[in-house]
Amino acid sequence: MTVIMAWPLKRSAFARMQKIAAGTVPAPGGAELLVSTTDRPVQVELYLPAEPDRICVFGTPLSASRREFTGETARGAWANNMIAVGQVETVRLEVRVRVYEPGEDFESVDKTLGDMCSAVATAVLTAPLFEQGRIYLSGVSQDPTALAPSPEPSVTGNASLVFTAEVITW
């Protein structure tokens, strides 16, 4: 049976962030900004909700690839003597962070966005999500911060954190 690890990995990462946001588990040092408060709600969802809160962390499409890794047989290191002993699934997990504020304060949105991205990275990477492999932050990108002048001025910032996980399966 082939077990695809991409979806359990995504659900595990978001479950951890949701528990931190809800305050049901303590936030690790550096991830305290994820904790939702009445004056600063943080919404964490697997997908972009229809009505996102001012601060929203959500998932995007998932991608993964698999490759076999081999070991030498007792006869030596000849290419035709290599046998598959397991598989490595490489998962690309993208987490989007959206910050919305009424008004025209670009700097505040940009600072909050950067701080939230650091909190998300800390939450995902502080403790292992699985035993057999590794996960690391492999990329960050930020969309241009946008000003919506009407009906009331508001600023929206979006950023994307890409985590790459390499999971060994047998």
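We did not get these values from a lab; they are worked out from the coordinates using the rules stated. Being a predicted model, the structure only gives us computed values, none of them experimental. So basically every Cβ, Gly included, is an ideal-geometry build from the backbone, and we count neighbours across all protein chains shown.
Structure summary
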item: Longest to shortest principal axis, alpha-carbon extents of the chain, angstrom; result: 73, 32, 26
item: Gaussian network model of the chain, springs between alpha carbon atoms under 10 Å - residue of Phe14, Phe58, Phe69 with greatest fluctuation; result: Phe69
item: Antiparallel bridge percentage (DSSP; both residues within the chain; nearest 5); result: 90
item: Mean residue ellipticity (222 nm) of the chain, computed from DSSP H runs ≥ 4 via -39,500 (n - 2.57), nearest 500; result: -7500 deg cm²/dmol
item: Amide hydrogen neighbours beyond the local backbone of Asp143, cut-off 5 Å, H modeled; result: Asn158, Ala159, Ser160
item: Most positive-pole-ward Cα, Ala148, Ala50, Val91, against dipole of the range 6-169 from beta carbon charges; result: Val91
item: Thr60 long-range amide H proximity, modeled H, under 5 Å; result: Glu94, Arg96
item: Nearest-20 debye value, the chain charge dipole, Cβ charges on Lys, Arg, Asp, Glu; result: 840
